[in-house]
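Student: Got a structure for you, written out below as structure tokens; questions coming shortly.
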Amino acid sequence: MSLVDAKVRDRMIVALDYPNVGAAEALVWQLGDIVSFYKIGLELSIAGGLDLAADLIGAGKKVFLDLKLHDIGNTVERAAAAAAERGVHILTVHAYPQTMAAAARGAKGSPLEVLGVTVLTSYDDSDLATAGYRMGVTDTVRMRAGQAREAGIAGVICAPTDAAMVRAILGPDGRVVTPGVRPKGADVGDQKRIATPAEAIAAGADRIVVGRPVTAAEDPVAAAEAILAELAGA
Ligand SMILES: O=C(O)c1cc(=O)[nH]c(=O)n1[C@@H]1O[C@H](COP(=O)(O)O)[C@@H](O)[C@H]1O
């Protein structure tokens, strides 16, 4: 059992970005009680991850289903209702007003937290310009955080570098979850807007998402413990 308390453990979500359920289960087994919250994203969902989500929930873990939904309102509302029905704790949608409002309707009356993905952490200003957006990262995140609040969803996903601004917009009750987290010296990979676990929490994040800093570590248990220790001190 980990030395850090359950509240701190609840702040770290480990992304199970694996090509098959067996690999994901092996990590979950290895991490045991030290990790209480797992993210199942696109790759693993396609490879049987939705059944794994049910198993994890049955085993008392929290599950973040990272499907980044964006579709017509009826489809998003029904998908959010289906996630709520399965006992999922967090579901992501892209932070478009129509999409967020639909997901809020689907999740209504359930504990499911719908989070709007503001601007992906792999994007910078020039990536947004290339994609045809008029505004840069900061203005887009600011606008989308406000629209998430208006849509009545639980909160947003943003980079740790946006977390302070987003916290000010959402207030103390809004959920601010930050991927793009890298312990000092860790490989950055394809992330562009990053900070350390302690910096993310200090900026106002409720929870951090970590994938490769744990999954690609030589010793995933030691890597997860080190991040938890950093969060405990933050
Ligand atoms: O929604 C997400 O979780 C997400 C949003 C975002 O802007 N950036 C981002 O990296 N993520 C996810 O967070 C995880 C980060 O993984 P690592 O870069 O390996 O730590 C991946 O599973 C991404 O899909």
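Throughout, read-outs are computed from the coordinates displayed, never taken from laboratory work. From a predicted model like this one, the values you see are computed outputs, not experimental measurements. In this analysis, Cβ positions are derived from the backbone assuming ideal geometry, glycine residues included, and neighbour counts consider all displayed protein chains.
Student: List, in the order given, every pair from K7/K192; K68/K184; K39/K192 whose Cα-Cα distance in the structure shown is over 25 Å.
Tutor: Numbers: K7/K192 29 Å; K68/K184 28 Å; K39/K192 20 Å.
Beyond 25 Å: K7/K192; K68/K184.
Student: Which net charge results for the neighbourhood of R105, defined as the other residues with beta-carbon distances under 15 angstrom from its beta-carbon, given Lys and Arg at +1 and Asp and Glu at -1? It would help to have the intermediate numbers written out before the result.
Tutor: Working: positive: R78, K108; negative: D71, E77, E85, E113, E150.
It works out to a net charge of -3.
Student: Subtract the Cα-Cα distance of D124 and E25 from 0.36 nm times their separation in residues, and report this length gain in nm to one decimal. Walk me through the numbers before you get to the answer.
Tutor: Numbers: separation 99, 0.36 × 99 = 35.64 nm, distance 3.38 nm.
Net length gain for the segment: 32.3 nm.
Student: Right, here's the next one. Please list, ordered by chain and number, the residues whose modelled amide H lies under 5 Å from the amide H of D66; skip anything fewer than 5 residues away on the same chain.
Tutor: It is I40, G41, by chain and number.
Student: Hey, with R₀ at 22 Å, roughly what FRET efficiency would Q98 and D139 work out to, going by the Cβ-Cβ distance, to 0.05?
Tutor: Working: r = 20 Å, r/R0 = 0.92.
For Q98 and D139, the calculated efficiency is 0.65.
Student: Relative contact order for the chain using alpha-carbon pairs under 8 Å, separation at least 6, rounded to a whole percent? Write down the numbers at each step before the final one.
Tutor: Working: 474 pairs, mean separation 42.0, N = 234.
Value for the chain: 18 percent.
Student: Moving to a separate point now. Considering only DSSP beta bridges whose two residues both sit in the range 6-232, what percent are antiparallel, to the nearest 5? Please list the in-between numbers first.
Tutor: Numbers: 0 of 27 bridges.
Counting DSSP beta bridges with both partners in the range 6-232, the antiparallel share is about 0 percent.
Student: Could you tell me which of rounded, prolate or oblate describes the range 6-232, using a ≥ b ≥ c as the square roots of the eigenvalues of the alpha-carbon gyration tensor, with rounded for a/c under 1.5 and, failing that, prolate when a/b is larger than b/c and oblate otherwise?
Tutor: On the way: a/c = 1.57, a/b = 1.15, b/c = 1.37.
Oblate is the answer for the range 6-232, as a/c is 1.5 or above yet b/c matches or exceeds a/b.
Student: Turning to a different aspect of this structure: Rank-order 16-22, 187-193 by packing density, defined as the average count of other C-beta atoms within 10 Å over each peptide's residues, highest first.
Tutor: Numbers: 16-22: 17.3, 187-193: 13.9.
Most protected by this proxy first, the peptides run 16-22, 187-193.
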